[in-house]
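Q: Dropping the structure in here first, questions after.
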Amino acid sequence: MDAVTLMAGPVAWCGWGLCLALSLRHCARSERLGRPSLIVCAALSLALCLVLGVLGWGAPSVALTVLGSVSAVAPLAAWVDLREHRLPNRLVLIATGGGVILGGAHALAAHSLRGYGLSLAVAAGVALGLVVVALLAPRLVGMGDAKFAFVIALALLLQGAVAGLTGAYLALSLAGLVAVATLVSQRGRSGGASARRLSIACGPYLAAAPWFALVGGPPLAAWLGAV
């Protein structure tokens, strides 16, 4: 293992820590999150990054490096989205910037820029498509969700086709189940008037998609290979 590869882990950890620090600062100043919420979200972010650090011990992959940047920001972004049904641009920018820069640096060191560039292009296409949906049907997809989808799609694509599709499918399925349950609950309480104004916070499900891919993708790929 060369010196550049050995440095990938510490550099990734420093980048993840910076993403978390910037996110905490923004939420404390601009989003008015209380100290308990900040502590819980920070602890969850650190736990997720610790898991990724253990999985990529010594030299995390490009996929884990990008996912770490997302995970450092995701709990805070998801909490704001659940409270206010919006994803703050600053948090989306921190996750996206951290993921793209750290992932690009790692891909450069690993001599895999071509594959990384292709993943970036596909992720941009996915985000652009969702931006169009957000403009045409804002109740279905928010603009913050569309922008956040770029780095989420990148984190999915870098894990491979099977894992990426698995993560996307599980996240969409969970969001659909929650939407149906919420719709039934609201219709039962208000006779359908509020059900027509149903709005689901997509941020938590977007943030969970790469983790679904990480957990569910390898077993599914192994099963498909054995069939």
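Nothing in this text is a laboratory measurement; each read-out follows from the coordinates by a stated rule. Just so it is clear, the structure is predicted and the values come from calculations on it, not from any experiment. Positions of Cβ are generated from backbone atoms using ideal geometry, with glycine treated the same way; all protein chains shown enter the neighbour counts.
Q: Per-residue ellipticity at 222 nm for the chain, helices alone: DSSP H runs ≥ 4 residues times -39500 (n - 2.57), over residue total, nearest 500 deg cm²/dmol? Write down the numbers at each step before the final one.
A: Details: 8 runs with 185 residues, N = 227.
Value at 222 nm, helices only: -28500 deg cm²/dmol.
Q: Moving on. Evaluate the charge dipole of the range 4-140 about its Cα centre and quote only its size in Debye, nearest 20, assuming +1 on the Cβ of each Lys and Arg and -1 on the Cβ of each Asp and Glu.
A: I would put it at about 300 debye.
Q: Once label points are set 7 Å from the Cα along Cα→Cβ at both Leu82 and Leu128, what is their separation, rounded to one decimal in nm?
A: Once both label points are built, they end up 3.5 nm from each other.
Q: Taking each pair of different alpha-carbon atoms in the range 102-164 once, compute 1/r for the pair, average those values, and report the inverse of that mean as the Kirkwood hydrodynamic radius in Å to one decimal.
A: After inverting the pairwise mean of 1/r, the radius is 12.3 Å.
Q: Fewest to most neighbouring Cβ within 10 Å: what's the order for His111, His26, His85?
A: His111, His85, His26
Q: Moving on. Expressed as a rounded percentage, what relative contact order does the chain have, with Cα pairs under 8 Å and six or more residues apart? Intermediate values should be presented prior to the final figure.
A: Numbers: 288 pairs, mean separation 47.0, N = 227.
It rounds to 21 percent for the chain.
Q: If you take the square roots of the eigenvalues of the alpha-carbon gyration tensor of the range 69-211 and sort them as a ≥ b ≥ c, do you get rounded (a/c under 1.5), prolate (a/b over b/c) or oblate?
A: It comes out prolate by the Cα gyration axes.
Q: So, one more: Taking the beta-carbon count within 10 Å as an exposure proxy, list Glu31, Glu84 from fewest neighbours to most.
A: In order of increasing Cβ crowding within 10 Å: Glu84, Glu31.
Q: In the chain, which helices (entire DSSP H runs) extend 24 Å or more along their own long axis, judged by Cα positions, while averaging at least -0.5 on the Kyte-Doolittle scale?
A: Qualifying helices, which must be both long enough and hydrophobic enough, are 3-29, 35-55, 62-84, 89-109, 113-136, 161-190, 203-226.
Q: Taking 25 Å as R0, compute the FRET efficiency from the Cβ-Cβ separation of Leu18 and Leu118 and round it to 0.05.
A: For R0 = 25 Å, the calculated efficiency reads 0.40.
Q: Here's a follow-up. Order of Thr96, Thr182, Thr65 from fewest to most other C-beta atoms within 10 Å?
A: Numbers: Thr96 22, Thr182 14, Thr65 31.
Ordered by Cβ neighbours within 10 Å, fewest first: Thr182, Thr96, Thr65.
Q: Determine the shape class of the range 1-131: with a ≥ b ≥ c the square roots of the Cα gyration tensor eigenvalues, call it rounded for a/c under 1.5, and otherwise prolate if a/b is greater than b/c, oblate otherwise.
A: Oblate, since a/c reaches 1.5 and b/c is not below a/b.
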